[in-house]
């Protein structure tokens, strides 16, 4: 492997570990952020998400203005389509049932949470399921494409991104300031080693920006879950795996800023650009959360868990993976990467998350309360 | 005083808050009168903030202690 690739992967591993550590300390749950708005009328977790998106928008725009962003908008984002909303809706339902989003599952798993591991297995299974419908879904995605080649809102209205992004940052900043004035950033959490949510949101915005500088794209993890599914299929049904275009094509191309070499990748088993930019983040988040839990003496696997919850969490993982592939992209990719750039795909995904999380809250309540 | 023990360790989020809210609604009178206390065992770090807050909003106090690798939240009569 090239030395430059080692550098990138090591850097992403450290970024992932720092993110996992922070997320565990603050229990920074993006699934909970959307779920609690509907389930408890609580905005405690959505506020740091607004701060994270606002700061990311500011940092990404600064990078663009200073010319250090290798590609703008980020590669792999496409013009909007109706499937972005539907995918977001499916994803929102799945993440609430799974008890965490695609990275929430990782940091919870790193702290020894068995339910998160079951959701992780669901994510792998859901990715395998999507591979079976990929061709049909891709044609549906084309049919629901909007008649524009623009990727971001500034491109769509034909202006430079600076004014729309600054307006967005001003609105987000105004709300954050109002919450600060109202004392709403103070979290009454009595967990040992708790880090305030605003501080973690700020740290995550910086880490996300560092990831962009390292590899030229924002953080994402879910295609590597599909790689996990491909790996399992390569052991048990290799003949079938070879017939699935989702696992055999390499549609993603990226030049890493460090060497400028164009590399390709996809959901297949191969070690490619997807593995380079995603696997270290996954391992880092798990490792960072594990370290945090160990330092606090909180790493513990509880084996005795209600069966109805096991079923729900696994189903949630499957549904979440389907949503991530249908959209395409997960909450991290869209909220932490595309939304700050006012990417239309990401905005539609976020719109879809709302009814999905609402529905997820209804089902969750039924499973946890009625069946308890 | 009776004690109602709820072991919610290992359960999916937000089981702690949902199940505690259900029990508080069921046993509200006894909790307020000091005839009953709830002891909740949880490994959910967020619950150390959300559960005491929800309990206090319903007129009952709560104390959080770290026991081993998890948290014990005990309700008690609110002192006026």
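The values are calculated or read from the model by the stated rules, or taken from the named source; none is laboratory data. Since we're looking at a predicted model, the values are computed, not measured. Note that we place each Cβ from the backbone using ideal geometry, even for glycine, and neighbour counts take in every protein chain shown.
Residue selection: residue A:229 fails the criterion of being within 14 Å of another protein chain (Cβ to nearest Cβ), touching a helix residue (DSSP H, G or I) at 6+ places or on another chain (Cβ under 6 Å) and buried (at least 20 other Cβ atoms within 10 Å of the Cβ).
Quick check: anything in segment A:95-115 closer than 26 Å to residue A:15 by Cβ and in contact with a strand residue (DSSP E or B) (Cβ under 9 Å, 6 or more places away or on another chain)? Taking every residue of segment A:95-115 in turn, none turns out to be closer than 26 Å to residue A:15 by Cβ and in contact with a strand residue (DSSP E or B) (Cβ under 9 Å, 6 or more places away or on another chain).
Taking residue B:47, is it farther than 23 Å from residue A:300 by Cα and within 13 Å of another protein chain (Cβ to nearest Cβ)?
Working: farther than 23 Å from residue A:300 by Cα: no; within 13 Å of another protein chain (Cβ to nearest Cβ): yes.
Considered against the rule, which asks whether it is farther than 23 Å from residue A:300 by Cα and within 13 Å of another protein chain (Cβ to nearest Cβ), residue B:47 comes out as no.
Looking only at residues of segment A:190-203 that are in contact (Cβ under 8 Å) with a residue 60 or more places away in the chain and either assigned to a loop (DSSP other than H, G, I, E, B) or within 11 Å of chain B (Cβ to nearest Cβ) (or both), we find that the one that is surrounded by the most Cβ atoms within 10 Å (Cβ to Cβ) is A:197. All conditions but one from (1) modelled with pLDDT under 95; (2) under 24 Å from residue A:51 (Cβ atoms) apply to residue A:257; the one that does not is (2). Would segment A:263-286 turn up any residue that is without any contact (Cβ under 8 Å) to a residue 60 or more places away in the chain, in contact with a strand residue (DSSP E or B) (Cβ under 7 Å, 6 or more places away or on another chain) and more than 19 Å from residue A:333 (Cα to Cα)? Yes. Does residue A:148 fit the bill of being under 17 Å from residue A:84 (Cβ atoms) and within 21 Å of the chain's Cα centre (by Cα)? No; evaluated as a whole, the condition is false for this residue.
Restricting segment A:173-188 to residues that are in a loop (DSSP other than H, G, I, E, B) and free of Cβ contacts under 8 Å to residues at least 60 places away in the same chain leaves a set whose member that is nearest to the other protein chains (Cβ to nearest Cβ) is A:188.
Evaluation of residue B:31 against the conditions (1) in contact with a helix residue (DSSP H, G or I) (Cβ under 9 Å, 6 or more places away or on another chain); (2) without any contact (Cβ under 8 Å) to a residue 40 or more places away in the chain shows that the sole unmet condition is (2).
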